[in-house]
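Q: Mind looking over this structure? Questions follow.
The values are calculated or read from the model by the stated rules, or taken from the named source; none is laboratory data. Note that the structure is predicted; figures quoted are calculated from it, not measured. Note that we place each Cβ from the backbone using ideal geometry, even for glycine, and neighbour counts take in every protein chain shown.
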Amino acid sequence: MEEIKLVQQLKCRDKNAFDALYETYKDILLRMAYLVSGNREDAEDIVQETFVKCYLHIGELKKEEGFRPWLFQILYRTAYRHVKKRGREIPGEDIDMQAMATDEVTSLDQIVKSETEKIIIDAVRQLDMKHRAVIVMYYYNELSAKEIAKVLGCSQGTVKSRLHNGRKKLKGLLEVEEEGGRTYGKQKGLHYS
């Protein structure tokens, strides 16, 4: 309800409404842009460009309730163009997991968790763009298949198919067994059909 009011105010070019929506979505969009682009600087550029486009084109949004998927659609299209332009379907730089951990946390459990997350993120980054996008939106941004379909401009069936195929590809990438026979995908709660 609050978001609908903010979107209405943004349509009237209210700067405070823009700032509030920016604060609400910036981290979610940055995470998605980073997972898609694989580069922190690129992700920041993508998010900045997304918010500029949001501000410039907010009048084109017909229903305020559709703001979230509309914003994600802008981000996805911006990220796709950016990645394509840079010619990096599979980014080459490593994810800096240390930035996510605090200096005080040094337990073995945290180290194992960080390594597991890094392996999963690296595997997600190896997926082609169409599978990577649905996996990121579904698992990391917790969008529904219906919302993802709206963002991508395709049917829910296509989203479900891409999720299914993306999971299968991830399963193949994650089936590197660790000592003790644990599969990383199973630890993280990814379910395969």
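Q: Just give me the residues in the stretch 158-193 being within 14 Å of Tyr139 (Cα to Cα), part of a loop (DSSP other than H, G, I, E, B) and either modelled with pLDDT of 50 or more or among the aromatic types (Phe, Trp, Tyr) (or both), in sequence order.
A: Residues satisfying the conditions are Leu190, Tyr192.
Q: Considering only residues of the stretch 38-83 that are of a type in the set (Phe, Trp, Tyr) and farther than 23 Å from Ile120 by Cα, which is surrounded by the fewest Cβ atoms within 10 Å (Cβ to Cβ)? Walk me through how you get there before you give the answer.
A: Looking only at the stretch 38-83, we keep the residues that are of a type in the set (Phe, Trp, Tyr), and these are 51, 55, 67, 70, 72, 76, 80.
Narrowing further to those that are farther than 23 Å from Ile120 by Cα: 51, 55, 67, 70.
Details: Phe51: 19, Tyr55: 14, Phe67: 20, Trp70: 21.
Ranking the candidates gives Tyr55 first.
Q: Return the total of residues in the stretch 28-42 being under 16 Å from Ile74 (Cβ atoms) and without any contact (Cβ under 8 Å) to a residue 24 or more places away in the chain.
A: Result for the stretch 28-42: 1.
Q: Looking at Arg68, Arg86, Arg77, Arg81, which is the one that is more than 20 Å from Ile148 (Cβ to Cβ) and among the basic types (Lys, Arg)? Explain how you work it out, then say what you get.
A: Details: Arg68 fails: more than 20 Å from Ile148 (Cβ to Cβ); Arg77 fails: more than 20 Å from Ile148 (Cβ to Cβ); Arg81 fails: more than 20 Å from Ile148 (Cβ to Cβ).
Every option except Arg86 fails the conditions.
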